[in-house]
Amino acid sequence: MNWFDKLKKLIHIEINSPIININIIKDSDNSTIGKYDYDETKEKLNLYLDKLDDKTKEQLNPIFQEYLGEGNKLLENETSELLYSLYRYNKETKNRPILNFFKPIIPIEDFRALEASLYLRESFIKKEDIRKLKRDIKDRFGNRGNNISNLCTAGYFEEFLMPLHNYSRDQFTKLYELIVLNAVLAIFVHKQMPLEEITSQIKKKLEISKRYGIKFIHIHGIGKSNIAKIKNCIAYEKKFFDFFEKNNYEKEDIIIVELLLK
Amino acid sequence: MVERNSINTNITFDKSVKKDILALLGKDINEDNLIVEKTDLEQKVLTFEGEEISLEEFGGIQKGSEVFIKNNLVSLIKLSKKV
């Protein structure tokens, strides 16, 4: 008898239809009478852990061990969804050229951050919720990882860093650290950023950039409130922004303001 | 209908039963919110990357002396490449 049959026997599961997924859950609103329910369309069985007595629960461990012993993974739902999404993503080749390009020329930790950021970008394009993915990158790689994630999503690796390396490896070596550590090329406006910080960051970053011949900076914003904040900032600090040539790109809920030093 | 065998069935769990799953597997949570062995609270469990893991980070488990999986994107990218 395999683990599956043992589990069915233990819980008295009398389903003869296929079961692809057994999901262990709590009956939080106490709406279920039995120990499980079965969704035929999804071929999914919900097993209510809180409906099992202690003796039955004790007997789950050896069944889980047998299940794990076959090479299976016992995963939390969101983790499972993300892992299977990654399995599908790994079969795609779209981002391989950029990864192959940067792997030999940037630190390994930056490469790992870039790798994760490219997946995040794909999720962003599909309009999926990327907040946890972004947090994960920052948790693992700190502010540097956060910068890489922002720069990657905005296309700076392909549009700026790749051509820069192809143009001059020397320049790339000089500028890469600056760009990734200080994110000098751009400001990414977020919900918690006060208006004054936008101009303060522009001034700070331009100070650094000018020394290296970079005479532009981009302001990025996603979402209606961030777009409004950027526009308010430019209107409010008119004198400051008059020193720049401004080019705006706005589409749906994304804005990019390019500031070029006159 | 033909019944699927265990090879095709996977087990998942909801966030709400994380602690219960750990308890079933003989694990506990220490005062630092890290997952430890129930029989030896000093012994912290490790992920496949050799790291300690908190209840919040707990994403699952795989075989090989019960190797734990973090629910972090970067960890899962590494895991997804292992055959």
- Report whether or not A:I130 is out of contact with any Lys or Arg (no Cβ under 7 Å at 6 or more places or on another chain), within 11 Å of chain B (Cβ to nearest Cβ), without any contact (Cβ under 8 Å) to a residue 24 or more places away in the chain and crowded, with 19+ Cβ neighbours inside 10 Å. yes
- Item | Members of region A:96-140 that are outside any helix (DSSP H, G or I) and among the basic types (K, R) | A:K103, A:K126, A:K127
- Query: Among (1) closer than 30 Å to A:T173 by Cβ; (2) part of a helix (DSSP H, G or I); (3) modelled with pLDDT under 95, which single condition is A:T93 missing?
  - Reply: (2)
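Results for (1) part of a loop (DSSP other than H, G, I, E, B); (2) at the interface with chain B (Cβ under 8 Å from one of its Cβ atoms); (3) more than 36 Å from the chain's Cα centre (by Cα), shown as yes or no for each residue.
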site	(1), (2), (3)
A:L10	no, no, yes
A:N16	yes, yes, yes
A:N23	no, yes, no
A:S28	yes, yes, no
A:I33	yes, no, yes
A:L47	no, no, no
A:I63	no, no, no
A:G71	yes, yes, no
A:Y84	no, no, no
- Message: If I filter region A:179-215 down to residues being touching a Ser or Thr at 6+ places or on another chain (Cβ under 8 Å) and not basic (K, R), which single residue comes out as modelled with the lowest pLDDT?
- Response: A:V184
- Item | Hits in region B:10-56 (condition: in contact with an Asp or Glu (Cβ under 9 Å, 6 or more places away or on another chain), polar (S, T, N, Q) and within 11 Å of another protein chain (Cβ to nearest Cβ)) | B:T12
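The values are calculated or read from the model by the stated rules, or taken from the named source; none is laboratory data. In this text, all values refer to a predicted model and were calculated from it rather than measured experimentally. Virtual Cβ from ideal backbone geometry, glycine too; neighbours counted across all protein chains shown.
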